[in-house]
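Here the structure is laid out as structure tokens; the discussion comes afterwards.
The values are calculated or read from the model by the stated rules, or taken from the named source; none is laboratory data. Nothing here was measured: the structure is a model prediction, and the numbers come from that model. Reconstructed Cβ throughout: ideal geometry from the backbone, glycine too, with neighbour counts over all protein chains shown. Please note that ligands, DNA and RNA were not included when accessible areas were found on the heavy atoms of the full protein model with its side chains. Shrake-Rupley method; radii C 1.70, N 1.55, O 1.52, S 1.80 Å.
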Amino acid sequence: METQRRGRKIALTPEELDTLLTEERLCRVATLTSSGAPHLSPLYFVWDGTSVWLYSVVRSQRWTDLARDPRTAVVVDGGTAFHELHGVELRGRFEAVGPAPRTDAQDAPELADPERLFAAKYGGRPDGSMFHDGRHAWLRLTPEKVASWDHRKIGR
């Protein structure tokens, strides 16, 4: 993974980065359309300590874009006022993992961890499992480059 060169004084520590990616609920995913124009979409996500996982509609612009060109940037951030802003940009390539689309009938042990994390974070069935509607599937991004910022550190 490429390390951050600029802004190291206000970069998130590995622990702060892990906390941000575990606690925040929304990310913004940038893809490239067939014309080369950017497409940006907000999504729920989970972080497993190494990778970002998205549960994406397979008939979406995002899925189409990533199937053609898996390069992406994902932003997760928080704060409202300037001195509270903190976040991270993750760059790399998404890969589809498991059946697409995903249904309850399919056994997919490689998805056990992201599905457990997703159900715990966003509410699953009473038994803690996920409901699968047959329209979504999993995408995984293991970042190749990470750039973070924390304006709460400015002036320290």
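Could you look through the stretch 117-136, keep only residues that are of a type in the set (G, A, S) and under 21 Å from E24 (Cβ atoms), and pick out the one that is least open to solvent (accessible area, probe 1.4 Å)?
Ranking the qualifying residues of the stretch 117-136, first place goes to A119.
Determine which member of the set A30, A67 is assigned to a strand (DSSP E or B), open to solvent by 20 Å² or more (accessible area, probe 1.4 Å), in contact with a strand residue (DSSP E or B) (Cβ under 8 Å, 6 or more places away or on another chain) and aliphatic (A, V, I, L, M). Walk me through it before giving the result.
Working: A67 fails: assigned to a strand (DSSP E or B).
None of the others qualify; the one that does is A30.
For the stretch 126-156, enumerate the residues that are assigned to a loop (DSSP other than H, G, I, E, B) and touching a strand residue (DSSP E or B) at 6+ places or on another chain (Cβ under 7 Å). Spell out how you get there, then give the answer.
Pass one, the stretch 126-156, residues assigned to a loop (DSSP other than H, G, I, E, B): 126-135, 142-144, 154-156.
The answer is R135, T142, P143, E144.
Quick test of your reading of the structure: E89 fulfils all but one of (1) among the charged types (D, E, K, R); (2) surrounded by 15 or more Cβ atoms within 10 Å (Cβ to Cβ); (3) closer than 20 Å to L17 by Cα; (4) modelled with pLDDT under 95. Name the failing condition by number.
(4)
Is it the case that some residue within the stretch 90-100 is of a type in the set (D, E) and more than 23 Å from R116 (Cβ to Cβ)? Explain how you work it out, then say what you get.
Keep residues of the stretch 90-100 that are of a type in the set (D, E), which gives 95.
Filter again for more than 23 Å from R116 (Cβ to Cβ), leaving none.
Checked against the condition, which is being of a type in the set (D, E) and more than 23 Å from R116 (Cβ to Cβ), the stretch 90-100 yields no hits at all.
What pairs can you find where one residue is in the stretch 109-125 and outside any helix (DSSP H, G or I), the other is open to solvent by less than 60 Å² (accessible area, probe 1.4 Å), and their Cβ atoms are less than 7 Å apart, with a gap of 6+ or different chains?
G124/M130
If H83 meets every condition in (1) in contact (Cβ under 8 Å) with a residue 40 or more places away in the chain; (2) in a strand (DSSP E or B) apart from one, which number is that one?
In the conditions (1) in contact (Cβ under 8 Å) with a residue 40 or more places away in the chain; (2) in a strand (DSSP E or B), H83 misses (2) alone.
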